1. About the Cα centre, and with charges only on the beta carbon of Lys, Arg (+1) and Asp, Glu (-1), how big is the dipole of region 65-361? Nearest 20 debye, please.
2. Going by a ≥ b ≥ c, the root eigenvalues of the Cα gyration tensor, does region 162-219 fall in the rounded group (a/c under 1.5), the prolate group (a/b larger than b/c) or the oblate group?
3. Rank LEU294, SER192, SER161 by how far each Cα sits towards the positive end of the charge dipole of region 65-361 (+1 on Lys, Arg Cβ; -1 on Asp, Glu Cβ) and give me just the farthest.
4. So how far apart, in nm, are the two label points at LYS325 and LEU199 if each is 7 Å from Cα heading toward Cβ?
5. With +1 on each Lys and Arg Cβ and -1 on each Asp and Glu Cβ, how big is the dipole of region 207-289 about its Cα centre, in debye rounded to the nearest 20?
6. Grab the Cα-Cα distance for ILE267 and SER293, subtract it from 0.36 nm times how many residues apart they are, and report the gain in nm with one decimal.
7. List the aspartates and glutamates whose alpha-carbon lies under 19 Å from that of LYS144, not counting same-chain residues fewer than 8 positions away?
8. Listed highest first by mean packing, meaning other Cβ atoms within 10 Å per residue, what order do 247-254, 229-236 come in?
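The values are calculated or read from the model by the stated rules, or taken from the named source; none is laboratory data. In this text, all values refer to a predicted model and were calculated from it rather than measured experimentally. In this analysis, Cβ positions are derived from the backbone assuming ideal geometry, glycine residues included, and neighbour counts consider all displayed protein chains. Ligands, DNA and RNA are excluded from the accessible area calculation, which covers all protein heavy atoms including side chains. Shrake-Rupley method; radii C 1.70, N 1.55, O 1.52, S 1.80 Å.
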Amino acid sequence: MIFLASRQCSATLHRRLWSSQKPQANFLGRHVLQPWPYHSSRISASQQRFITSVSDQQRPPPATWLDKIPSKARPYLALTRIDKPIGTLLLFYPCAWSITMASYALQAPISTPLTYLGLFGIGALIMRGAGCTINDMWDRNLDKSVARTLDRPLARGDITSRQALAFLGAQLSVGLGVLLQLNWYSILLGASSLSVVTLYPLMKRVTDWPQAVLGLAFNWGAMLGWSAVAGSVDWSVCLPLYAGGVCWTLVYDSIYAHQDKTDDAKIGIRSTARLFGENTRPILAGLSASTVSLIGYSGIMNAQGPVFYLGLTAAALQLGRVVWKTDFDSRPSCWKGFVGCGWSGFWVWMGALGDYCLMALA
(Lines give C-alpha, C1' and ligand atoms only; values in the text may rest on other atoms or scores of the structure.)
Protein backbone atom coordinates (compact mmCIF):
# COMPACT_ATOMS: atom_id res chain seq x y z
CA MET A 1 0.00 0.00 0.00
CA ILE A 2 2.80 2.38 0.89
CA PHE A 3 4.49 1.52 -2.42
CA LEU A 4 1.28 2.15 -4.41
CA ALA A 5 0.63 5.46 -2.64
CA SER A 6 4.19 6.54 -3.33
CA ARG A 7 3.85 5.72 -7.06
CA GLN A 8 0.50 7.56 -7.22
CA CYS A 9 1.95 10.70 -5.58
CA SER A 10 4.95 10.51 -7.87
CA ALA A 11 2.78 10.25 -10.97
CA THR A 12 0.56 13.13 -9.81
CA LEU A 13 3.56 15.36 -9.22
CA HIS A 14 4.97 14.37 -12.62
CA ARG A 15 1.71 15.32 -14.40
CA ARG A 16 1.52 18.65 -12.59
CA LEU A 17 5.07 19.54 -13.51
CA TRP A 18 4.45 18.77 -17.18
CA SER A 19 0.99 20.37 -17.40
CA SER A 20 2.07 23.74 -15.98
CA GLN A 21 2.53 26.49 -18.59
CA LYS A 22 4.43 28.85 -16.28
CA PRO A 23 8.21 29.23 -16.65
CA GLN A 24 10.26 27.12 -14.25
CA ALA A 25 13.93 27.26 -13.46
CA ASN A 26 16.69 24.67 -13.58
CA PHE A 27 19.46 24.26 -11.02
CA LEU A 28 21.41 27.10 -12.62
CA GLY A 29 18.54 29.53 -12.15
CA ARG A 30 17.84 29.81 -15.88
CA HIS A 31 14.19 30.28 -16.79
CA VAL A 32 12.81 27.88 -19.38
CA LEU A 33 9.42 27.74 -21.05
CA GLN A 34 8.80 24.05 -20.37
CA PRO A 35 8.52 22.30 -16.97
CA TRP A 36 11.42 20.38 -15.49
CA PRO A 37 11.71 17.35 -17.82
CA TYR A 38 12.78 14.72 -15.31
CA HIS A 39 10.76 12.28 -13.29
CA SER A 40 10.07 13.53 -9.78
CA SER A 41 11.79 10.53 -8.26
CA ARG A 42 15.11 11.93 -9.51
CA ILE A 43 14.63 15.27 -7.72
CA SER A 44 15.74 15.54 -4.12
CA ALA A 45 13.67 17.39 -1.55
CA SER A 46 16.14 20.29 -1.40
CA GLN A 47 16.19 20.58 -5.21
CA GLN A 48 12.38 20.55 -5.31
CA ARG A 49 12.23 23.34 -2.72
CA PHE A 50 14.70 25.37 -4.83
CA ILE A 51 12.63 24.92 -8.00
CA THR A 52 9.41 25.83 -6.19
CA SER A 53 11.00 28.92 -4.60
CA VAL A 54 12.31 30.29 -7.90
CA SER A 55 9.08 29.45 -9.71
CA ASP A 56 6.96 31.18 -7.09
CA GLN A 57 8.96 34.36 -7.32
CA GLN A 58 8.36 34.53 -11.12
CA ARG A 59 11.08 37.11 -11.66
CA PRO A 60 11.88 37.45 -15.39
CA PRO A 61 15.48 38.12 -16.44
CA PRO A 62 16.43 41.79 -16.92
CA ALA A 63 15.29 43.23 -20.27
CA THR A 64 18.59 45.07 -20.72
CA TRP A 65 21.73 45.78 -18.72
CA LEU A 66 20.07 49.03 -17.60
CA ASP A 67 17.94 47.01 -15.19
CA LYS A 68 21.11 46.22 -13.24
CA ILE A 69 21.96 49.92 -12.79
CA PRO A 70 21.07 51.59 -9.44
CA SER A 71 17.49 52.81 -9.54
CA LYS A 72 18.37 56.51 -9.09
CA ALA A 73 20.64 56.56 -12.15
CA ARG A 74 18.53 54.28 -14.34
CA PRO A 75 15.96 56.86 -15.60
CA TYR A 76 18.70 59.24 -16.72
CA LEU A 77 20.55 56.56 -18.65
CA ALA A 78 17.27 55.36 -20.15
CA LEU A 79 16.58 58.94 -21.22
CA THR A 80 19.76 58.89 -23.33
CA ARG A 81 18.84 55.54 -25.02
CA ILE A 82 22.35 54.39 -24.20
CA ASP A 83 21.13 50.80 -24.37
CA LYS A 84 20.32 51.33 -28.08
CA PRO A 85 23.70 52.27 -29.63
CA ILE A 86 22.39 52.40 -33.20
CA GLY A 87 21.40 56.07 -32.71
CA THR A 88 24.93 57.00 -31.66
CA LEU A 89 26.38 55.13 -34.64
CA LEU A 90 24.05 56.89 -37.08
CA LEU A 91 25.26 60.22 -35.71
CA PHE A 92 28.91 59.12 -35.72
CA TYR A 93 29.20 57.70 -39.24
CA PRO A 94 28.94 61.00 -41.18
CA CYS A 95 31.65 62.38 -38.87
CA ALA A 96 33.80 59.32 -39.56
CA TRP A 97 33.31 59.62 -43.33
CA SER A 98 34.40 63.24 -43.29
CA ILE A 99 37.36 62.82 -40.92
CA THR A 100 38.71 59.87 -42.88
CA MET A 101 38.21 61.51 -46.28
CA ALA A 102 39.88 64.74 -45.09
CA SER A 103 42.82 62.77 -43.68
CA TYR A 104 43.14 61.00 -47.03
CA ALA A 105 43.02 64.24 -49.00
CA LEU A 106 45.61 65.94 -46.78
CA GLN A 107 47.73 62.79 -46.37
CA ALA A 108 47.59 63.35 -42.64
CA PRO A 109 49.54 61.08 -40.24
CA ILE A 110 47.59 58.29 -38.60
CA SER A 111 47.47 60.18 -35.30
CA THR A 112 45.15 62.76 -36.91
CA PRO A 113 42.20 60.50 -37.77
CA LEU A 114 42.67 58.48 -34.58
CA THR A 115 42.48 61.64 -32.44
CA TYR A 116 39.43 63.07 -34.13
CA LEU A 117 37.58 59.77 -34.46
CA GLY A 118 37.99 59.37 -30.69
CA LEU A 119 36.77 62.90 -29.95
CA PHE A 120 33.83 62.65 -32.33
CA GLY A 121 32.92 59.22 -30.99
CA ILE A 122 32.61 60.66 -27.49
CA GLY A 123 30.80 63.69 -28.88
CA ALA A 124 28.32 61.50 -30.78
CA LEU A 125 27.52 59.51 -27.64
CA ILE A 126 26.97 62.65 -25.55
CA MET A 127 25.06 64.69 -28.13
CA ARG A 128 22.86 61.82 -29.23
CA GLY A 129 21.86 61.48 -25.57
CA ALA A 130 21.26 65.23 -25.33
CA GLY A 131 19.09 65.08 -28.44
CA CYS A 132 17.01 62.30 -26.89
CA THR A 133 16.58 64.36 -23.72
CA ILE A 134 15.41 67.38 -25.74
CA ASN A 135 13.06 65.19 -27.78
CA ASP A 136 11.50 63.60 -24.68
CA MET A 137 11.05 66.96 -22.98
CA TRP A 138 9.11 68.18 -26.01
CA ASP A 139 7.13 64.93 -26.32
CA ARG A 140 6.56 63.92 -22.70
CA ASN A 141 2.76 64.18 -23.10
CA LEU A 142 2.59 62.73 -26.62
CA ASP A 143 4.72 59.75 -25.62
CA LYS A 144 1.99 58.62 -23.23
CA SER A 145 -0.27 57.99 -26.24
CA VAL A 146 2.19 55.91 -28.27
CA ALA A 147 2.61 52.25 -27.34
CA ARG A 148 6.34 52.16 -28.14
CA THR A 149 7.18 55.27 -26.08
CA LEU A 150 4.84 55.24 -23.10
CA ASP A 151 7.55 53.67 -20.89
CA ARG A 152 10.08 56.46 -21.48
CA PRO A 153 11.21 58.05 -18.18
CA LEU A 154 9.49 61.42 -18.60
CA ALA A 155 6.27 59.93 -19.95
CA ARG A 156 6.14 57.44 -17.08
CA GLY A 157 6.98 60.07 -14.46
CA ASP A 158 10.25 58.48 -13.31
CA ILE A 159 11.87 61.94 -13.45
CA THR A 160 10.43 65.44 -13.65
CA SER A 161 10.90 68.02 -16.39
CA ARG A 162 13.10 70.06 -14.05
CA GLN A 163 15.34 67.09 -13.40
CA ALA A 164 15.55 66.39 -17.14
CA LEU A 165 16.48 70.03 -17.79
CA ALA A 166 19.28 69.87 -15.22
CA PHE A 167 20.51 66.63 -16.79
CA LEU A 168 20.42 68.25 -20.23
CA GLY A 169 22.59 71.06 -18.90
CA ALA A 170 25.14 68.50 -17.75
CA GLN A 171 25.06 66.73 -21.12
CA LEU A 172 25.57 69.95 -23.06
CA SER A 173 28.41 70.95 -20.76
CA VAL A 174 30.25 67.71 -21.52
CA GLY A 175 29.49 68.15 -25.22
CA LEU A 176 30.90 71.67 -25.09
CA GLY A 177 34.05 70.32 -23.45
CA VAL A 178 34.54 68.00 -26.43
CA LEU A 179 33.79 70.78 -28.93
CA LEU A 180 36.36 73.06 -27.32
CA GLN A 181 39.08 70.60 -28.26
CA LEU A 182 38.62 71.65 -31.90
CA ASN A 183 39.75 74.75 -33.80
CA TRP A 184 37.68 77.94 -33.65
CA TYR A 185 36.19 77.46 -37.10
CA SER A 186 34.88 74.06 -35.99
CA ILE A 187 33.67 75.36 -32.63
CA LEU A 188 31.48 77.97 -34.33
CA LEU A 189 30.30 75.49 -36.96
CA GLY A 190 29.43 72.91 -34.30
CA ALA A 191 27.62 75.39 -32.08
CA SER A 192 25.47 76.49 -35.02
CA SER A 193 23.89 73.03 -35.21
CA LEU A 194 22.18 73.37 -31.83
CA SER A 195 19.27 75.37 -33.25
CA VAL A 196 18.42 72.53 -35.65
CA VAL A 197 18.76 69.93 -32.88
CA THR A 198 16.44 71.90 -30.59
CA LEU A 199 13.77 72.54 -33.24
CA TYR A 200 13.59 69.00 -34.62
CA PRO A 201 11.01 67.65 -32.11
CA LEU A 202 8.70 70.56 -32.98
CA MET A 203 8.78 69.75 -36.69
CA LYS A 204 6.66 66.61 -36.35
CA ARG A 205 3.82 68.92 -35.28
CA VAL A 206 4.05 71.37 -38.19
CA THR A 207 5.38 69.50 -41.24
CA ASP A 208 5.22 66.11 -42.92
CA TRP A 209 9.02 66.20 -43.27
CA PRO A 210 10.47 66.02 -39.73
CA GLN A 211 12.82 63.29 -40.98
CA ALA A 212 14.44 65.83 -43.31
CA VAL A 213 15.06 68.17 -40.38
CA LEU A 214 16.58 65.28 -38.44
CA GLY A 215 18.82 64.66 -41.43
CA LEU A 216 20.07 68.25 -41.31
CA ALA A 217 21.03 67.77 -37.66
CA PHE A 218 22.37 64.21 -37.74
CA ASN A 219 24.69 64.77 -40.70
CA TRP A 220 26.30 68.00 -39.47
CA GLY A 221 29.40 65.92 -38.80
CA ALA A 222 29.92 65.55 -42.56
CA MET A 223 31.06 69.17 -42.50
CA LEU A 224 32.36 69.39 -38.93
CA GLY A 225 34.67 66.41 -39.25
CA TRP A 226 36.39 67.91 -42.28
CA SER A 227 36.85 71.31 -40.65
CA ALA A 228 38.30 69.67 -37.51
CA VAL A 229 41.01 68.03 -39.61
CA ALA A 230 41.61 70.75 -42.22
CA GLY A 231 40.71 73.97 -40.38
CA SER A 232 37.87 74.81 -42.81
CA VAL A 233 35.28 73.04 -44.96
CA ASP A 234 35.95 71.97 -48.54
CA TRP A 235 32.43 72.56 -49.81
CA SER A 236 33.00 70.75 -53.10
CA VAL A 237 33.46 67.52 -51.14
CA CYS A 238 31.41 68.12 -47.99
CA LEU A 239 28.24 69.55 -49.51
CA PRO A 240 27.40 66.44 -51.61
CA LEU A 241 28.50 64.27 -48.68
CA TYR A 242 26.13 66.17 -46.39
CA ALA A 243 23.27 65.99 -48.91
CA GLY A 244 23.84 62.26 -49.35
CA GLY A 245 23.70 61.84 -45.59
CA VAL A 246 20.39 63.72 -45.42
CA CYS A 247 18.92 61.36 -48.04
CA TRP A 248 20.25 58.42 -46.04
CA THR A 249 18.54 59.75 -42.90
CA LEU A 250 15.28 60.07 -44.81
CA VAL A 251 15.54 56.38 -45.63
CA TYR A 252 16.30 55.03 -42.15
CA ASP A 253 14.11 57.43 -40.19
CA SER A 254 11.13 56.91 -42.49
CA ILE A 255 11.46 53.18 -41.81
CA TYR A 256 11.71 53.97 -38.10
CA ALA A 257 8.60 56.17 -38.25
CA HIS A 258 6.54 53.34 -39.73
CA GLN A 259 6.66 51.70 -36.30
CA ASP A 260 4.39 54.40 -34.89
CA LYS A 261 2.26 55.42 -37.88
CA THR A 262 -1.00 54.06 -36.41
CA ASP A 263 -0.57 55.85 -33.07
CA ASP A 264 0.77 58.97 -34.83
CA ALA A 265 -2.38 59.21 -36.95
CA LYS A 266 -4.54 59.17 -33.81
CA ILE A 267 -2.69 62.00 -32.07
CA GLY A 268 -1.84 64.12 -35.10
CA ILE A 269 1.92 63.49 -35.34
CA ARG A 270 3.20 63.96 -38.88
CA SER A 271 5.97 62.01 -40.60
CA THR A 272 7.27 60.89 -43.97
CA ALA A 273 6.00 57.40 -43.09
CA ARG A 274 2.44 58.73 -43.13
CA LEU A 275 3.16 61.00 -46.09
CA PHE A 276 4.66 58.27 -48.28
CA GLY A 277 2.07 55.67 -47.28
CA GLU A 278 1.74 52.87 -49.83
CA ASN A 279 4.43 54.50 -51.99
CA THR A 280 7.10 54.13 -49.30
CA ARG A 281 9.11 51.41 -51.02
CA PRO A 282 9.67 53.15 -54.39
CA ILE A 283 10.30 56.50 -52.70
CA LEU A 284 12.90 55.00 -50.34
CA ALA A 285 14.49 53.22 -53.30
CA GLY A 286 14.88 56.62 -55.00
CA LEU A 287 16.29 58.18 -51.84
CA SER A 288 18.73 55.29 -51.49
CA ALA A 289 19.91 55.83 -55.05
CA SER A 290 20.35 59.54 -54.28
CA THR A 291 22.35 58.67 -51.16
CA VAL A 292 24.77 56.48 -53.10
CA SER A 293 25.05 58.92 -56.01
CA LEU A 294 25.78 61.96 -53.84
CA ILE A 295 28.32 60.17 -51.65
CA GLY A 296 29.91 58.77 -54.79
CA TYR A 297 30.14 62.27 -56.28
CA SER A 298 31.78 63.45 -53.08
CA GLY A 299 34.33 60.67 -53.49
CA ILE A 300 35.04 61.78 -57.05
CA MET A 301 35.60 65.36 -55.88
CA ASN A 302 38.02 64.06 -53.24
CA ALA A 303 39.88 61.82 -55.73
CA GLN A 304 39.12 58.70 -53.70
CA GLY A 305 40.60 55.38 -54.79
CA PRO A 306 38.88 52.11 -55.77
CA VAL A 307 38.47 50.80 -52.21
CA PHE A 308 36.14 53.70 -51.44
CA TYR A 309 33.83 52.63 -54.25
CA LEU A 310 33.93 49.01 -53.11
CA GLY A 311 32.66 50.19 -49.74
CA LEU A 312 30.04 52.35 -51.44
CA THR A 313 28.88 49.36 -53.50
CA ALA A 314 28.47 47.30 -50.32
CA ALA A 315 26.46 50.20 -48.82
CA ALA A 316 24.24 50.34 -51.90
CA LEU A 317 23.55 46.61 -51.75
CA GLN A 318 22.74 46.86 -48.05
CA LEU A 319 20.30 49.73 -48.58
CA GLY A 320 18.67 47.88 -51.47
CA ARG A 321 18.26 44.76 -49.35
CA VAL A 322 16.69 46.73 -46.48
CA VAL A 323 14.24 48.61 -48.70
CA TRP A 324 13.26 45.43 -50.53
CA LYS A 325 12.78 43.18 -47.49
CA THR A 326 11.29 45.49 -44.85
CA ASP A 327 7.61 44.97 -44.05
CA PHE A 328 6.42 48.50 -43.31
CA ASP A 329 3.38 47.22 -41.41
CA SER A 330 5.47 45.19 -38.96
CA ARG A 331 7.21 46.90 -36.05
CA PRO A 332 9.88 44.20 -35.64
CA SER A 333 10.62 44.30 -39.37
CA CYS A 334 10.86 48.10 -39.33
CA TRP A 335 13.26 48.03 -36.39
CA LYS A 336 15.39 45.44 -38.15
CA GLY A 337 15.42 47.57 -41.31
CA PHE A 338 16.31 50.68 -39.32
CA VAL A 339 19.29 48.94 -37.74
CA GLY A 340 20.22 47.46 -41.11
CA CYS A 341 20.52 50.94 -42.60
CA GLY A 342 23.28 51.63 -40.10
CA TRP A 343 25.42 48.98 -41.78
CA SER A 344 25.31 50.94 -45.03
CA GLY A 345 26.94 53.87 -43.23
CA PHE A 346 29.54 51.51 -41.82
CA TRP A 347 30.49 50.25 -45.29
CA VAL A 348 30.92 53.78 -46.61
CA TRP A 349 33.33 54.44 -43.75
CA MET A 350 35.20 51.19 -44.38
CA GLY A 351 35.69 52.20 -48.01
CA ALA A 352 37.12 55.57 -47.05
CA LEU A 353 39.25 53.99 -44.33
CA GLY A 354 40.60 51.40 -46.76
CA ASP A 355 41.76 54.16 -49.13
CA TYR A 356 43.41 56.03 -46.25
CA CYS A 357 45.23 52.90 -45.01
CA LEU A 358 46.57 52.14 -48.50
CA MET A 359 47.75 55.75 -48.80
CA ALA A 360 49.42 55.63 -45.36
CA LEU A 361 51.20 52.36 -46.17
CA ALA A 362 52.44 53.52 -49.58
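1. On the way: 23 positive and 17 negative charges, 141 e Å.
For region 65-361, the charge dipole is close to 680 debye.
2. On the way: a/c = 3.48, a/b = 1.35, b/c = 2.57.
It comes out oblate by the Cα gyration axes.
3. Farthest along the dipole direction, towards plus: SER161.
4. 3.8
5. Working: 5 positive and 7 negative charges, 21 e Å.
So the dipole magnitude of region 207-289 works out to roughly 100 debye.
6. Working: separation 26, 0.36 × 26 = 9.36 nm, distance 3.68 nm.
Full extension of this stretch gives 5.7 nm more.
7. Answer for LYS144, where 19 Å is the Cα cut-off: ASP136, ASP158, ASP260, ASP263, ASP264, listed by chain and number.
8. Details: 247-254: 25.8, 229-236: 17.0.
Descending packing order for the listed peptides: 247-254, 229-236.
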